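Just so it is clear, none of the values below were taken in a lab; they were calculated from the coordinates. Everything quoted here is computed from the prediction, not taken from an experiment.
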Amino acid sequence: MTEADTEAEADGFRSGFVAMFGRPNTGKSTIVNKIVGEKVSITSNKAQTTRHQIRGVLTTPDAQVVFVDTPGVGKPRTALGEKLNVTARQGRVDADVVCFVVDARSGYGRGDAYLVENLDPDQTVLVLNKIDGMEPAAIAEQLTLVAPLGFSAYFPVSGFTGAGLKPLVEHLIERLPEGPRWFPNHAITDVSDSQWVAELVREQLLRILRQELPHSVATRVVEWEDKRIKVEILVERESQKGIVIGKGGAVLKKVGTNVRKQLAPGYHLELVVSVEPNWQHDPAGVERMLRQ
């Protein structure tokens with residue numbers, strides 16, 4: 001820690017953890033990416049896109065906010081779903097402030113109400129996301145619906161355009177306790193390089209295959225030597241393997257091309273597809289696949 005860091009903290013430097021919590025597809029990852037200024041978490045419109053606690057770090061001269069992007073919480077149907085719910089709830093419990101993110105377009109519903117039961121109103125800020133393109137009257141109607149929840153603050157925002165995020169961040173910083181810098185000034189995430197590349201591959205599969213992609217797909221880096229990276233894509237059934245590969249390898253080729261555009265020049269990316277039967281229904285298999 002530098003002398004400058006020590007002086008800043010002595011003068012009331014604030015730091016802490018803010019959990020992004022809510023149902024799947026409410027835009028939690030998009031908000032975090034917009035706030036920190038770079039993509040630290042992959043996005044898609046498919047449930048279970050976020051499978052880890054991803055930390056995005058925002059450092060200002062007076063504060064450091066560590067945003068914990070958690071998986072969306074839904075009704076679990078597999079061991080994977082159970083694990084993701086546990087991961088999300090753990091991120092919420094460990095946070096200084098919880099941002100409960102609600103999709104303004106689909107509106108506050110039963111799934112949101114189920115999650116609210118276990119939230120501390122004093123600890124929670126409601127973030128009404130995806131207001132871009134909505135009429136002011138429609139936004140006001142959604143805010144009226146959630147007002148009786150009694151949370152400490154309410155912010156209508158758009159993670160896509162950035163509207164409303166500045167006052168949200170200012171409010172969050174005011175609520176954080178005085179504390180140390182948990183990450184170096186230049187850090188924006190704690191995601192490892194291997195986890196990031198594996199996630200980029202999964203993001204492209206989600207975008208290219210959309211509804212065809214099985215929920216059971218997983219990705220992991222199995223080799224990294226100099227600038228040669230080998231990523232294994234896992235599915236549960238042999239029939240799913242052909243979907244991921246595509247006719248004549250077209251899907252894998254497109255995935256590889258799109259991922260390489262996001263890597264530094266000179267990297268060689270090899271993609272292989274393997275079958276791991278019923279891994280998402282096996283707790284041990286889930287732990288193994290989510291470990292990077």
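The largest-to-smallest principal axis extents of the Cα set in the range 122-179 are 40, 27, 11 Å. Across all C-alpha atoms in the range 151-264, the radius of gyration and Dmax reach 19.4, 57 Å.
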